[in-house]
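The values are calculated or read from the model by the stated rules, or taken from the named source; none is laboratory data. Owing to the predicted nature of the structure, the values given are computational and were not obtained by experimental measurement. Positions of Cβ are generated from backbone atoms using ideal geometry, with glycine treated the same way; all protein chains shown enter the neighbour counts. We work out accessible area using only protein heavy atoms, side chains counted, and drop any ligands, DNA or RNA first. Shrake-Rupley method; radii C 1.70, N 1.55, O 1.52, S 1.80 Å.
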Amino acid sequence: MSVSDSGSATYSEALEGSNAKRGLWSSRLAFILAATGSAVGLGNIWKFPYITGENGGGAFVLVYLLCIAAVGLPIMMAEVLIGRRGGHSPVQSLRLIAERDRLKPAWRMVGAVGVLAGFLILSFYSVIGGWAVSYVGTAASGQLVGQSAEAVGAIFSNLLGDPLTLLLWHTVFMALVMFVVAKGVRAGLERAVSILMPGLFVLLLIAVGYAMTSGEFGRAVSFLFQPDFSKLSTSGILVALGHAFFTLSLGMAVMMAYGSYLPKNVSIAKTSMAVSVIDTGVALLAGLAIFPIVFANGLEPGAGPGLIFQTLPLAFGQMPMGSLFGTLFFVLLIFAAWTSGISLLEPIVEWLEERKGMNRTASTLGAGVVCWALGIASILSLNLWSDFAPLGSIAMFEGKTIFDLLDFFTANILLPLGGLLVAVFAGWVMSREAVEKELALSGPMFRLWYLTIRYFTPVAVAAVFIYNLM
Ligand code: PHE
């Protein structure tokens, strides 16, 4: 995908360019950067801590880590290998390498799921990205310095209560994403990831350092890493599974698209592992930065989507040079969200280009504006429509606003469904030979992956689905 057949500096050109100059290492690095740029985002820093808080901590974290290792990583490998094998856009690749002719049309569904998921996710992702944009100003203006937990909480509730301000920042974030997708200047941005990601890592470490010295670090560590299964519900398991897909950007063919630019001699297993480890590391660091502050200030771990915006600003307000670190942190968070946002919009734009024959600017504008408009429903769910639960009569959706429903439906239904299709495709539709050749793993490792992708992953995803629907 990406990589626009139009667009000036495309990712593929960048890959080839860097190949010629610096050999294969840099192209492996380029893939890791692009994939990490997509994977690391609001999912790690905003969503992971708050769903962990809502689902009781340790047991949820353990299930989430298992889902990453036993479901997410094998599916990421499958996506990348399908992409590299096919060497085209996801839908095209699937069509080309499906060995059984009569099944071919079924695999278009993967593309359709991806387009729909990207569309729905970006609509609310951009609203949260807007919160981050707004907090750059809050931190830079020194408003957080020395504030109490109540005051920091009030800053956040004032933001949520103000639809016009939310709309402004949502618009800014969406415009940033649309600009890059329309211009196809992703190569530059992906290079920027190599500086910005480590920067984000360092700032998270600073926040963790502060939390260690000033927060209730011990309590946070036991909250995150001591599983208490009595606190985990079946719906918590679904949330953990869904989040594994969301945080690794799986189930919507993003990694498939990136995989089509991966040179043949690069190990798919190692690169996928690198991306998963970095992604998980960022999420765990965010948890370690946030929960000590939650406990030290008597805040509620299950406070919901506002959790990081009520805790990190408190820490930045109290540490030396906090305004500077706070501003930097939110700028880096915007970058992390930006690179993820781009990977959400790109598949839709490509689909419009391929299917509807629209040019890149028009497709970006069209898709972006519709996504932006849908975002307004999420904005209103935070204030004027906060009591409106469209599916409230169904027990499972009781009290869920439009924003909650969008989040639930995409992360917990659409992405796992897309992932399930990918697993079945790699495990049952492609020839074993092709898969084996593409992965180039040792015998036992290959057999382990193959068994996982053929049996374990589809059964696990289906079981969690069925269990939750019943
Ligand atoms: N992985 C991104 C995050 O954690 C979100 C995302 C999901 C991006 C699906 C692309 C596809 O923020």
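Okay, which of the range 33-68 sit inside 16 Å, backbone N to the point 7 Å along the Cα-Cβ direction of residue 231?
Output list for this probe position: 48-65.
Under a point-charge model restricted to the Cβ atoms of Lys and Arg (+1) and Asp and Glu (-1), what is the dipole moment magnitude of the range 388-470 relative to its Cα centre, in debye to the nearest 20?
Charge dipole, the range 388-470, about its Cα centre: 260 debye, nearest 20.
When Lys and Arg each count +1 and Asp and Glu each count -1, what net charge do the other residues less than 14 Å away from residue 398, Cβ to Cβ, add up to?
Spelling it out: positives minus negatives among the neighbours equals -1.
Tell me, Kirkwood radius of the chain from alpha-carbon pair distances, in Å?
Evaluated on the chain, it is 22.3 Å.
Probe radius 1.4 Å, ligands and nucleic acids left out: which of 350, 54 has the largest accessible area, and how do the rest follow?
54, 350
Ignoring ligands, DNA and RNA, what percent of the accessible area of the chain is carbon or sulfur (1.4 Å)?
66 percent
Of the options 386, 287, 160, report the single residue whose Cα projects farthest towards the positive end of the charge dipole of the chain (beta-carbon charges: Lys, Arg +1; Asp, Glu -1).
My answer, from the dipole projection, is 287.
Using alpha carbon centroids, what distance separates the range 376-413 and the range 431-455, in Å?
Their Cα centres are 40 Å away from one another.
So for the range 336-437, what are the equivalent ellipsoid semi-axes in whole Å, largest first, each being the square root of 5 times an eigenvalue of the Cα gyration tensor?
Here the semi-axes work out to 32, 23, 11 Å.
Residue separation times 0.36 nm, minus the C-alpha to C-alpha distance between residue 108 and residue 398: what's the value?
That pair, residue 108 and residue 398, stretches by 101.1 nm at full extension.
Extent of the range 250-355 along each principal axis, from alpha carbon coordinates, in Å, largest to smallest?
51, 32, 29
Which residues among the range 424-438 fall inside the zone where the amide N is under 17 Å from a point 7 Å beyond the Cα of residue 447, along Cα→Cβ?
Counting backbone N atoms under 17 Å from the label point, the list is 432-433, 436-437.
Taking R0 as 56 Å, what's the FRET efficiency between residue 141 and residue 455 from their Cβ-Cβ distance, rounded to 0.05?
The value I calculate is 0.50.
With bins 10 Å wide starting at 0, give me the P(r) of the range 35-149 over every alpha carbon pair, in whole percents.
11, 26, 31, 20, 9, 3, 1
Per residue, what volume in Å³ does the convex hull of the Cα atoms of the range 208-310 enclose?
Looking at the range 208-310, the number lands at 143 Å³ per residue.
Please list 198-210, 387-399 highest first by mean number of surrounding beta-carbon atoms within 10 Å per residue.
So the order, starting with the most tightly packed, is 198-210, 387-399.
Output the DSSP H helices from the chain with an along-axis C-alpha extent of no less than 27 Å and a mean Kyte-Doolittle hydropathy no less than -0.5.
Taking the DSSP H segments of the chain (at least 27 Å long, mean hydropathy at least -0.5), we get 108-140, 163-183, 186-214, 268-296, 322-356, 360-381.
Give, as a single signed number, the net charge of other residues whose beta carbon lies under 11 Å from the beta carbon of residue 115, with Lys and Arg counted +1 and Asp and Glu -1.
Neighbour charge sum, excluding residue 115 itself: -1.
Work out the charge dipole of the range 301-404 with +1 on the Cβ of Lys and Arg and -1 on the Cβ of Asp and Glu about the Cα centre, then indicate which of 338, 323, 371 is farthest towards its positive end.
Value computed over the given set: 323.
Charges only on Cβ, +1 for Lys and Arg, -1 for Asp and Glu: so what's the dipole of the chain about the Cα centre, in debye to the nearest 20?
Approximately 1320 debye in magnitude.
Just to be sure I follow the rule: in the chain, considering lysines 8 or more places apart or on different chains, how many pairs have Cα atoms under 19 Å apart?
5
Which order do you get for 437, 356 if you rank them by accessible area with a 1.4 Å probe, largest at the top?
437, 356
Specify, per residue and in Å³, the volume enclosed by the convex hull of the alpha carbon atoms belonging to the range 420-465.
Per residue, the Cα convex hull of the range 420-465 comes to 57 Å³.
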